[in-house]
Structures are given as C-alpha cells and as structure tokens.
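Single-structure report; data block below.
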Amino acid sequence: MGKLFILFNANNGATYIVNTRTLGSVIMSLNFYKARTVKSLVLKGILILLSRILGKINLNRLKNINEVNELLNDLSNSEFNFNIDTNSSVLISPTKDKVIVNHHNDYFQKFAFGQSYNKVKNEAEVYKLFNAPTQFQISMFFDEMDILNKFYSFKLKNKSSNLYKNTSEAFSLVSALVEFFNVSKQQNYSIYKYVQIIQDKLLEVDKSQFKSQIKVVDELKDKYGHLSFPLGLVHRDFKPWNTLHSEKILIYDFEETITDGPPLEDLFNYFIDPIILYKKPQEVIKYIYSKKNLRLYNRYLKELKIEIDFDFFLQIYLVNRMLFWENENKMIMMYKYVDLSNHLTACHINQLN
C-alpha cells in the first residue's frame, strides 16, 4: 500500500496527517488549519507546498494507511478502525484524545476517548435537539457509535457544496443566534438566583483573584435581582472559525454547548473572544460599544422580548468567560477577561464621576 501521508505538529499541539496524493488532497487536508493572521496564512501556504514536494519524492517519513491506523490505535489504546483511505486526512487534537477524519468532499468522522469522550457525546446530544432550523443550518449527523462508554464516534456531512469560511457579517447573525437560543429556551429564571450561583463559583475558585468581580456581581444582584430572564441554548465557543457560510450560516462544534445559558453570550463571544488576546482592553471596550454592535445587541434582546439592558448580560458574560477559561486551565485567557472586566468597571465609575 503506497505511502501517502505526512505528519506535521502544530504550535498548539495538534497533529495534521496530510494526504499528499494530489495537490487537491493536500489542500483538503489542511482545511483543518484555520489561518487567522497573515503569518499563519503564509505558513499554511508553505505547508501545502512542502507536503506536495515530500509526497512527490516519497521520503521514508511518509506513512501508509496501515501505519496511520496503527498510530491512531496506539493513541486511543484501541483496535478501532478509523476508516482511513486514500482520499482522507486526519486531525489529532492538541489533547490527543480526539481524532477527526476528513473524507474529502464527502463527510467528516469524529472520534473521542479519554477526557474528550464526554464533550463529544455532549455534541452528539446537541445535534439531536435541532429540528429543521430556518435562520441557520447544521451538518447532517449520522452513524453515531458509543462503545463501552469509553469510545465515541459520529459522522457529519454538509448539505451544501458552496460552503466557505465566513469572513464577513453579511448573514443575519442575530436572527440565527436568536433561533439557536430558542431551541431550548426555558421559563424565566430569577436574576438573583442566577447571579448567586455565579458568585458561589467565583468564591470556590479563588477569592483573591476575583475580588473585583465578586463585588460586581453583588452590585448586579442589588440592581437587577428583582428581574428575571430566560435561559436557552448557548454554543459557548461561537466564533468566526466555528461557522461556515453559504445561503445561511452553518454552525458546528457543539462540544461546549449548554441548554441553559444566558442570552447574548454567543453574540458577545463572537466579537470579543477572537481579539482579546492581542487587543488592549480599551480597544476591546471601544469595539464592544461601537454603534454597529450596540444595534445588534438591542435587536437580539428585542427579538427575545427581553427588557433588560445589555450591560447586565455583558458583565455576566465576562464573569462566565473567566470561569470557562479557568476550568479549561487556560490562565492567560482567564486573566485577559479579568483585565477586561476591571477596565470596564473603571470606565463605568469614571462615567458616573
């Protein structure tokens, strides 16, 4: 069996197993690689050329189908068939407990074990919630397998052949997210109770590093505690690279999705999470409060018939995001949100003075 596959280790710990059979195979293999900066775009171009060159000269480092499957079996401590063929490529997650096989121009198959088992199983359950959405689309979900509550797998197929990575906001983002939220929309929940739960979580983590945020949530209870709002389906990792666009936005990657999240979280996350690492807090705040974004927040709340100002949900989002990244042990991201929250609080104090 011919040696077609070459392995590349990315800076984030992920491993790309690239199919070098044709230039098209190489390009399809690196669809996994999300180039978000000029530097990463150039690097992706170099990887495409390098993969094709190495495939042509057939170096010993290339692997055949059996060798790739053996590598994945060793990784998962299993003898499972990962269905590798001559028209596929593979992404191994940075955590090394999740494998995605791309069957080019056909379907994706996701495999999970170890700590990713529960997340991918959660994703499968979320797919089952959808019933022909009209404002967004999802991939076709099929061939689900759960082996001994240790090894999980399912396949995904995109219905449209004209999908491409979204680089604009030409689609109706608000309508899509409102419909998404409504998939599991629940009866109104007391703000006092919701904020108290968040405060308890802050106290469980580390009282000193969240001192300012504990004070903020206290003030939220005092100001908004008599009100209530609905909980619903929230993606929790909704960002431009977790969407594709054709006639309607395609949303995917539901591993972190919850059915009882607060309004506006996904919309805030779409704008804030991708820039928070490299923008100063003042720049992020300016972007959050841009006229264009303010119109989107208010439209979102209006469509959900929520008469609470978006500032409340912004503060809730920031605290939830701190807790999210702390739980993921991504401390740099957590402290970025702490810093942003502190700057936002200072801005509000300055406005009052």
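The values are calculated or read from the model by the stated rules, or taken from the named source; none is laboratory data. Please read all numbers here as calculations on a predicted model, not as lab measurements. For neighbour counting, all protein chains shown are included, and Cβ atoms are generated from backbone atoms with ideal geometry for every residue, glycine included. Side chains included, ligands, DNA and RNA excluded: accessible areas come from the protein's heavy atoms. Shrake-Rupley method; radii C 1.70, N 1.55, O 1.52, S 1.80 Å.
The table below gives the values:
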read-out	value
Residues satisfying the stated conditions in segment 234-280, i.e. over 10 Å from the mean Cα position of the chain (by Cα) and among the polar types (S, T, N, Q)	S246, T259
Close pairs (8 angstrom Cβ cut-off, 6 or more residues apart or separate chains): free of Cβ contacts under 8 Å to residues at least 12 places away in the same chain in segment 231-246, open to solvent by 20 Å² or more (accessible area, probe 1.4 Å) and of a type in the set (S, T, Y) anywhere	N242/Y252
Test result for L264, under 27 Å from L296 (Cβ atoms) and not hydroxyl-bearing (S, T, Y)	yes
Residue that is least open to solvent (accessible area, probe 1.4 Å) [pool: residues in segment 198-231 that are closer than 19 Å to K336 by Cα and of a type in the set (S, T, Y)]	S212
Cβ-Cβ under 6 Å pairs, at least 6 apart or on other chains, segment 132-147 side surrounded by 14 or more Cβ atoms within 10 Å (Cβ to Cβ), far side of a type in the set (V, I, T)	F136/I249; F136/I251
Residue identified as surrounded by fewer than 21 Cβ atoms within 10 Å (Cβ to Cβ), out of contact with any strand residue (DSSP E or B) (no Cβ under 9 Å at 6 or more places or on another chain) and within 26 Å of S93 (Cα to Cα) among L294, L277	L277
Within segment 299-344, tally of residues that are at pLDDT below 95, crowded, with 16+ Cβ neighbours inside 10 Å and not in a helix (DSSP H, G or I)	0
Test: I288 is open to solvent by less than 20 Å² (accessible area, probe 1.4 Å) and either modelled with pLDDT of 95 or more or closer than 30 Å to Y117 by Cβ (or both)	yes
Residue that is modelled with pLDDT under 90 and either surrounded by fewer than 18 Cβ atoms within 10 Å (Cβ to Cβ) or not aliphatic (A, V, I, L, M) (or both), where the choices are S89, S51	S51
Pick from segment 273-332, criterion touching a residue at least 40 places away in the same chain (Cβ under 8 Å) and among the hydroxyl-bearing types (S, T, Y), ranking: farthest from D218 (Cα to Cα)	Y300
Inter-residue pairs, beta-carbon under 8 Å, first of a type in the set (A, V, I, L, M, F, W, C) and in segment 54-71, second open to solvent by less than 50 Å² (accessible area, probe 1.4 Å) and modelled with pLDDT under 55, 6+ apart	L62/L54; L62/G55
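Let's see how each residue does on (1) among the aliphatic types (A, V, I, L, M); (2) touching a helix residue (DSSP H, G or I) at 6+ places or on another chain (Cβ under 6 Å); (3) more than 20 Å from K155 (Cα to Cα):
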position: H235; (1), (2), (3): no, yes, no
position: K248; (1), (2), (3): no, no, yes
position: T259; (1), (2), (3): no, no, yes
position: P262; (1), (2), (3): no, yes, yes
position: F268; (1), (2), (3): no, yes, yes
